[in-house]
Amino acid sequence: MELYAERGFEQTTVAEIARRAGLTERTFFRHFADKREVLFAGTDSLRELMVGAVAGVADSAAPIEAVAAGLDAIGAFLQPGHDYSRRRQAVIAANAELRERELIKLASLAGSLAVALRGRGVAEPAASLAAEAGLAAFRVAFERWTSEDDPPMLPELIGQSLDQLRAIAAAGRTPEPQR
């Protein structure tokens, strides 16, 4: 992350990353397919955490509540890494290819969330709608969390985003933003 911040993503080479980490390039490639994957390596762990949380929710929970449980799990996991997440997002924001990769990652998480909901018996299109809407609420919360200097805790921001989503869906109008 330091190299990406110092030199920019495009100018940073795998050789430099490996050298800075005290590794050989060969060792680097055992863990990462390319230098982009350094930024996206935790996606599978996030997916497992989220899906596990969804599976652990009471059978009587509404789909959006199951989604909220999955997103809360992700938020709690990411919270201690606020500084890292801010630096990571700055690198991604500065590169169109990385922004595209981030969107692909989020779409993949939404797809996994929809599968988890269908596994709970939620029919289509409700499973996909709840998953996509939940991930949209997460993106809004994550953006606030990584862009503000002293933001509330990520799980709190996720909860606020989901509350806004619920209010919009229930009332058909935009509620006042929370601060």
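The values are calculated or read from the model by the stated rules, or taken from the named source; none is laboratory data. No experiment lies behind these values; they were computed from the predicted model shown. Backbone-built Cβ (ideal geometry, glycine too); neighbour counts: all protein chains shown.
Any residue at all in segment 136-145 that's surrounded by 14 or more Cβ atoms within 10 Å (Cβ to Cβ), within 30 Å of residue 3 (Cβ to Cβ) and touching a His at 6+ places or on another chain (Cβ under 8 Å)? Yes, there is a match, as at least one residue in segment 136-145 is surrounded by 14 or more Cβ atoms within 10 Å (Cβ to Cβ), within 30 Å of residue 3 (Cβ to Cβ) and touching a His at 6+ places or on another chain (Cβ under 8 Å). Selection of segment 54-85 for residues being modelled with pLDDT of 95 or more and of a type in the set (D, E, K, R) yields 65, 72. Of the residues making up segment 93-102, those that are under 23 Å from residue 160 (Cβ atoms) and either buried (at least 16 other Cβ atoms within 10 Å of the Cβ) or at pLDDT 95 or above (or both) number 1. Which condition from (1) within 17 Å of the chain's Cα centre (by Cα); (2) within 16 Å of residue 138 (Cβ to Cβ) is the one that residue 65 breaks? Status for residue 65: all satisfied but (1).
For (1) among the β-branched types (Val, Ile, Thr); (2) under 18 Å from residue 160 (Cβ atoms), each residue gets a yes or a no:
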{"site": "67", "(1), (2)": "yes, yes"}
{"site": "77", "(1), (2)": "no, no"}
{"site": "105", "(1), (2)": "no, no"}
{"site": "114", "(1), (2)": "no, no"}
{"site": "122", "(1), (2)": "yes, no"}
{"site": "129", "(1), (2)": "no, no"}
{"site": "141", "(1), (2)": "no, yes"}
{"site": "144", "(1), (2)": "no, yes"}
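Are any of the residues in segment 53-62 hydroxyl-bearing (Ser, Thr, Tyr), more than 25 Å from the chain's Cα centre (by Cα) and outside the structural domain of residue 92 (by TED's automatic domain parsing)? No - not one qualifying residue is present in segment 53-62.
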